[in-house]
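Here the structure is laid out as structure tokens; the discussion comes afterwards.
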Amino acid sequence: QVQLVESGGGLVQAGTSLRLSCAASERTFSRYTMGWFRQAPGKEREFVGAISWSGTTTYYRDSTKGRFTISRDNAENTVYLQMNSLKPEDTAVYYCAASSIRASGSAAEYDYWGQGTQVTVSS
């Protein structure tokens, strides 16, 4: 059982940056592909991006490419989501998730989820 805890959310103005962290309890963290998802009020949960177990490959949804960067530190069992040039439409609860299979944009392929952290971007 992998426990994931997100942190770093908050209220920021458009155009600024935030860095989210997701700490994992599992010592085998490096075996998991890690993903970030978000869910805005009244909307479906959507894929933000993912990073391979080695950290060498990353994937992003089109609307975040060039603004968001995912990285991981396997020694610290932590994955990060650096968000730059934030927009009001980025407002959502952000979740990290772990997959033992592969990097995927489908939430169904992730086995473990954090509780989420709120990001609110004001215009």
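The values are calculated or read from the model by the stated rules, or taken from the named source; none is laboratory data. What you are looking at is a predicted structure, and each value in this text was computed from that prediction instead of being measured. No Cβ is skipped: glycine too gets one built from the backbone with ideal geometry, and neighbour counts run over all protein chains shown. With ligands, DNA and RNA removed, areas are computed over all heavy atoms of the protein, side chains included. Shrake-Rupley method; radii C 1.70, N 1.55, O 1.52, S 1.80 Å.
Within the chain, the longest segment free of exposed loop sites, counting GluC sites (Glu not before Pro) that fall outside DSSP classes H, G, I, E and B and have at most 12 other Cβ atoms within 10 Å, spans 77-123. For the stretch 52-101, trypsin sites (Lys or Arg not before Pro) are listed when DSSP marks them as loop and at most 14 other Cβ atoms sit within 10 Å of their Cβ; the list is Lys65. Using only alpha-carbon positions in the stretch 35-76, the gyration tensor eigenvalues give semi-axes of 22, 12, 8 Å once each is multiplied by 5 and square-rooted (largest first).
Solvent-accessible area of the stretch 26-73 (1.4 angstrom probe, protein heavy atoms only): carbon and sulfur portion equals 44 percent.
From largest to smallest, the equivalent ellipsoid semi-axes obtained for the stretch 76-123 from the alpha-carbon gyration tensor read 24, 12, 10 Å.
Expressed to the nearest 5 percent, the antiparallel share of DSSP beta bridges inside the chain is 90 percent.
Think of a 1.4 Å ball rolled over the protein heavy atoms: the stretch 8-123 then has 50 Å² of accessible area per residue.
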